[in-house]
Structures are given as structure tokens and as C-alpha cells.
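Read through the structure below, which is laid out as C-alpha cells, and then see the notes.
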Amino acid sequence: MKARHFLAWAMGLALMASCQQNGYKIEGSGDALVDGDTLYLTADMNDMVPSDSVVVKNGKFTITGETDTTYMCLLYSPTNPNVVIPFFVERGTIKLEFPKDDEARVSGTLCNQEWQTVLDTTLVLTKRVNELSLQMFKDENNMELQARNQQEMVELNKRFSQFIFNTGKKNINNEFGYHIVNYYSEGVLDNKQIKELIQMMPEAMRQRENIKKMEERYKTIQDTSEGTQISDFRIADINGKELSLLEEVKKNKLTAIDFWASWCGPCRRVMPQVVTVYKKYHDKGLGIIGISLDEDKEAWKEAVSELGIEWIQMSDLKGWNNAIAMAFNIRAIPHMMVLDESGRIVSYNIEPAELDELCAQKLQ
């Protein structure tokens, strides 16, 4: 073989190897698939603009392509509600199964194997939460049932958070760990868990722009682990008088910091329970400080009156940019944390029923 021919042949092999290394294949099958149906693949979760499509033939389909990154996408049928599944496009063979009377499943590659485990766990917990919610809706005047079911929901959320954290640790050296930190940093993982996962990441992953931004943001966020002393904040009350958060906290044996807003339906629904706990334990040393994420002062004042709130209310009227909420990384409301009289965190996230139990233990 002449040298130039050998060189061309070798370069061709290298190119083929490169394509194979970057290649992915999506193989789909299952009884829910309908021959002739067109399925769409998209990584655009907002506008759902398709990046590829395929027609089902003999109850199967195959999509091939190349990628040098791992990213989440969605495969769906506009006409068949049984054919929809989020999964990861990554190198290798990805298998999608669409049973007729069950949830779609993904397998075949590392990220997708882990993702299916997360989906399975989420499905089980969501089913139980829906059962509890239905019970509460049907028997809304049964306060014992309401408290018991809310407590179980809290425990389910804690279990899910720990499961996600453990999954992130297990996969921190691969793209699924990266996904865990990005996708579950709001509302599932707490500040301490997020910081720990980021610190465990490979250096190259920590240099990615969104992780660097996340690290920068978390530098300014308070440590919310139990026993941590919080910093002080000065902010106006509902009458416009500037107050010190810590000075108000020191007036009580326990103080619940209640993040809420007049426009928040769930906040308004649980507020009667908070009012009940306050009246029950205020004389024994419970204080509450409401931190409103309102922007409309009149709506805030009106809600305070309507809901019978008797405790201190504070707000800078900046909505989600409220200084205290941002410092404690509050990403969803209602959210209540409890401090002792020195300003140390007793609980970062507590429900009214849990607050009742905590007061029963500590305010006797």
C-alpha cells in the first residue's frame, strides 16, 4: 500500500472512530406505539421546537445522531398521550419502552439508568402525596387528619431530598451528578447539600459557567444547618418602622420566621393553622415574624387583616428579591424556619403541625 493511500485509509478510520465515539442511537418499542405515528424529539422544553422526528414502523423506531455533550430532551407524540418521556441524549444506545398501560421507561446508558431510578422514586412518592391530598380535601374539617397528613408529606419531602442528594454524590463524577446539582438546586436540595455536591465535583465541571455562578451565589447565602447563628437584618415593618430581626428574635424563647405573601394561595390556606399554634404557645414563649414577599403594600396589609395575623410583619416590598429571603435561599413559599432566643437555627423548614410539636417539647 502506498504511503499516501495508507494515510488516507488511516484518517478515514480515525474519522469513523470519532463518529462512533460521539454517536448515539435511540431505540424505541412498545405496545403504546402506533404504526404511522410521527414522534418528535426536542431539547427546547419551553417552545417545544423539534430537533428531529421519526415515524413508527412495526411498533418500533430508531433515531441516530452525534453529540459531544449530554443533555436532557423530550420525545413525544402530538396525538398519543401515552408516548411521552424525558431522557438524556448521550453517547451510546438509549432504549425507550412504551407499555400500553404503564409509564414509559428509559435504559441503556449511564445517565438514563440513573434517571429512571429517579423517575421511579418520584412516581411512588407523588402517588402517596396525591393520596394524602385527596384525603385532606375530602375531610378538610378533620384537623387531626390534616396535621397527620401534612406531617407525612414533610417526611416524604425529606426522604426525597436525601435520595436526590445521595444520587448526586454517587454520580458526582459524571454528567448525571452535574444534572442533579442544576435541576434540583431549587426546592429539593438545601444549601448545605448543594455546597457539598459542588465541592465534590471534578475541577473541570466546577469551571462550567453555571456552576461558577452558582458557587458565587451561594457565597452570600446563609448556612441553614441546625445550630447555625444567623446574621442580623434590618428591614421595615408593616408600619414603615425599621426593625432588627435579631432584636425581635431575642424577645422570645422560640421564633418562627414565616416567609409568605398575600398572593400565595398555599400560604393563605395554612395560615389559620399558624394562627392557632401562635395563640396556643405565644404566652409560653413563641414568637412569629412574618417576612412578606409582597410588592403591593396595600394587598399585604389587607391580607394581614383578613387572616387575623397578630405577629410582627416585615418586608422591603421587593417580592422574590426580598433581602432576607435571598440570604436564606427561599425559593418556594410558604416556608417557615425556627430560631432560638440567641438566633440559632432550630429548624430550617417546618410545617405548622411540626411547629406545634416543637413548641410542645420546648415551651413547657
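The values are calculated or read from the model by the stated rules, or taken from the named source; none is laboratory data. Note that the structure is predicted; figures quoted are calculated from it, not measured. Cβ coordinates were reconstructed from backbone atoms using ideal geometry, including for glycine residues, and neighbour counts include every protein chain displayed. When the accessible area is computed, the model is the full protein with side chains, heavy atoms only, and any ligands, DNA or RNA have been set aside. Shrake-Rupley method; radii C 1.70, N 1.55, O 1.52, S 1.80 Å.
Before moving on, here are some points about what is shown:
- Solvent exposure of region 153-251, expressed per residue, is 54 Å² of accessible area, with all protein chains present and a 1.4 angstrom probe.
- The count of lysine pairs in region 222-322 that are at least 8 places apart or cross chains, and whose C-alpha atoms lie under 24 Å apart, stands at 20.
- For the residues Gly108, Gly177, Gly168, a GNM of the chain with alpha-carbon springs under 10 Å puts the largest fluctuation on Gly108.
- Rounded, prolate or oblate (a/c below 1.5 giving rounded, otherwise prolate when a/b exceeds b/c) for region 215-364 by Cα gyration tensor: rounded
- For Leu243, the residues whose modelled amide H falls within less than 5 Å of its own, excluding neighbours fewer than 5 places apart on the same chain, are Ile235, Ala236, Asp237.
- Top of Asp294, Asp68, Asp223 by mean-square fluctuation, Gaussian network on the chain, Cα under 10 Å: Asp68
- When the alpha carbon gyration tensor of region 178-265 is reduced to an equivalent ellipsoid, the three semi-axes, largest first, read 33, 15, 13 Å.
- Amide H within-cut-off set for Ile288, under 5 Å, with H built and near neighbours excluded: Ala256, Ile312
- Gyration tensor verdict on the chain (Cα atoms; rounded if a/c is under 1.5, prolate if a/b is larger than b/c, oblate otherwise): prolate
- Span from the region 296-364 Cα centroid across to the region 56-130 one, whole angstrom: 40 Å
- Here Trp263 sits with roughly 130 square angstrom of accessible surface, probe radius 1.4 Å.
- Residues whose amide H comes within less than 5 Å of that of Tyr24, counting only those at least five positions distant or on another chain, are Gly65, Glu66, Thr67, Gly92 (H built at 1.01 Å from N in the peptide plane).
- Top positive-direction residue, dipole computed over the chain with Cβ charges, set Val54, Asn174, His335: Asn174
- Under the span-like rule (Cα at least 18 Å along the axis, Kyte-Doolittle mean at least -1.0), DSSP H helices of the chain: 3-22, 110-138, 143-170, 265-281
- Global form of region 278-364, assessed from the alpha-carbon gyration tensor, a/c cut-off 1.5: oblate
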